[in-house]
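Just below is one structure, and these are the notes that go with it.
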Amino acid sequence: MIHLRDVTYFYPRATVPALAGLSLDVPAGQFCAVIGANGAGKSTLCYTLAGFVPHFYRGKLTGQVEVAGVDVPAASLAAIAGQVGLVFANPFNQITGARFTVREEIAFGLENLGVPLDEMRARIDDILSFAKLTELAERSPFALSGGQQQRLAIASVLVMRPPLVVLDEPTSQLDPIGSKEVFAVLRDLAATDEATVVLAEQKLEWVAVFADRVIVLHEGRIVADGPPGDVLASGDLTQYGLQPTRYTQAARAALAAGLRRDSAELPVTLEEAVEYFK
Ligand SMILES: Nc1ncnc2c1ncn2[C@@H]1O[C@H](COP(=O)(O)OP(=O)(O)O)[C@@H](O)[C@H]1O
Ligand SMILES: [Mg+2]
């Protein structure tokens with residue numbers, strides 16, 4: 001689904017590349033989390049997959065960027081938009097402002113695709129229910145909480161059924177309750193196995209629960225790549241400016257204090273921690 005080969009990208013006038021020789025293959029159906037400190041290149045990677053780099057952010061891009069068989073740098077933004085749906089950190093940026101209700105907002109993209117009316121209704125009802133927005137369908141998008149708005153932004157992308165869904169820190173602007181609501185939807189999305197998802201995220205406790213694969217970015221390079229349990233429990237995380245999950249930290253503290261001596265795998269989720277400390 002995603003094929004990146006030796007991708008290097010400089011923003012205009014930048015002297016340091018935001019992506020530095022990055023190669024990555026993601027098969028269809030995989031839920032892939034991209035973690036990394038601020039400035040690691042997560043957003044730039046998201047923009048590259050969605051064609052914002054180099055079609056909007058010009059700069060200098062070299063290497064191969066292929067998504068769903070589309071050569072992204074060579075294709076038009078319209079052609080890329082059919083393959084990749086991008087959800088931004090701030091849901092407010094995603095709302096068109098041209099529609100009065102949540103339902104109409106979700107219909108916006110579909111109308112341009114020429115989907116028959118019956119099918120459109122069915123798809124919108126499905127996605128409203130999936131994003132837990134059914135009760136809010138007739139509200140104004142602007143009357144929603146941040147978490148509800150972000151679920152609307154995600155629903156507006158998912159209803160188009162793009163082969164690839166990219167989310168750039170979708171909860172970074174939300175309060176804890178809003179974040180939890182959004183993560184519940186992402187977890188359901190991960191469970192469907194239908195969409196291919198790339199999620200840039202800093203909240204590792206959540207990543208640990210539902211990602212199939214975790215990639216660590218550092219200075220525009222991939223420095224770790226593997227199953228969440230391996231990558232998130234690795235001792236290298238801190239050298240890339242990342243905090244291990246609180247569960248891993250608790251286990252390490254127990255080992256350091258001599259309360260545990262064995263070499264059991266360190267927990268990265270609450271469930272694993274419960275087992276670990278039994
Ligand atoms: N619009 C821009 N112009 C110039 N440099 C940028 C721009 N956006 C990001 N950068 C730089 O690119 C690097 C990667 O940034 P970014 O992709 O935003 O990282 P992250 O999302 O992981 O925080 C950083 O060094 C950042 O300063
Ligand atoms: Mg970012």
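The values are calculated or read from the model by the stated rules, or taken from the named source; none is laboratory data. For clarity, every value in this text was computed on a predicted model and none was experimentally measured. So basically every Cβ, Gly included, is an ideal-geometry build from the backbone, and we count neighbours across all protein chains shown.
General observations
- Here residue 11 meets each of (1) touching a Phe, Trp or Tyr at 6+ places or on another chain (Cβ under 7 Å); (2) at positive phi with one exception, condition (2).
- Strands (runs of 3 or more DSSP E) within the range 1-108 that include 2 or more residues without any contact (Cβ under 8 Å) to a residue 40 or more places away in the chain and either in contact with a Leu (Cβ under 6 Å, 6 or more places away or on another chain) or within 9 Å of ligand 1 (Cβ to nearest atom) (or both): none
- One residue from 119, 138 being in contact with a Lys or Arg (Cβ under 8 Å, 6 or more places away or on another chain) and more than 15 Å from residue 171 (Cβ to Cβ): 138
- Among residues of the range 89-103, those that are modelled with pLDDT of 95 or more and crowded, with 16+ Cβ neighbours inside 10 Å, counted: 2
- Residue match in the range 239-252 (condition: aromatic (Phe, Trp, Tyr) and at pLDDT 95 or above): yes
- Residue 203 vs. criteria in contact with a Ser or Thr (Cβ under 7 Å, 6 or more places away or on another chain), surrounded by fewer than 18 Cβ atoms within 10 Å (Cβ to Cβ) and under 20 Å from residue 35 (Cα atoms): yes
- Condition broken by residue 236, with the remaining ones in (1) on the phi > 0 side of the Ramachandran plot; (2) among the acidic types (Asp, Glu); (3) free of Cβ contacts under 8 Å to residues at least 40 places away in the same chain satisfied: (1)
- Condition met for residue 197 (in the same structural domain as residue 67 (by TED's automatic domain parsing), buried (at least 18 other Cβ atoms within 10 Å of the Cβ), in a strand (DSSP E or B) and among the aliphatic types (A, V, I, L, M)): yes
- Filtering the range 158-172 for residues that are in a helix (DSSP H, G or I) and either in contact (Cβ under 8 Å) with a residue 12 or more places away in the chain or in contact with a Leu (Cβ under 7 Å, 6 or more places away or on another chain) (or both) leaves a non-empty set.
- Only a single criterion out of (1) more than 16 Å from ligand 2 (Cβ to nearest atom); (2) farther than 14 Å from residue 4 by Cβ; (3) touching a strand residue (DSSP E or B) at 6+ places or on another chain (Cβ under 8 Å) is not satisfied by residue 64, namely (2).
- If you go through the range 175-194 and pick out every residue that is in contact (Cβ under 8 Å) with a residue 60 or more places away in the chain and either within 14 Å of ligand 1 (Cβ to nearest atom) or not in a helix (DSSP H, G or I) (or both), you end up with 2.
- Tally, over the range 103-151, of residues that are under 26 Å from the mean Cα position of the chain (by Cα), under 21 Å from residue 192 (Cβ atoms) and of a type in the set (Asp, Glu): 2
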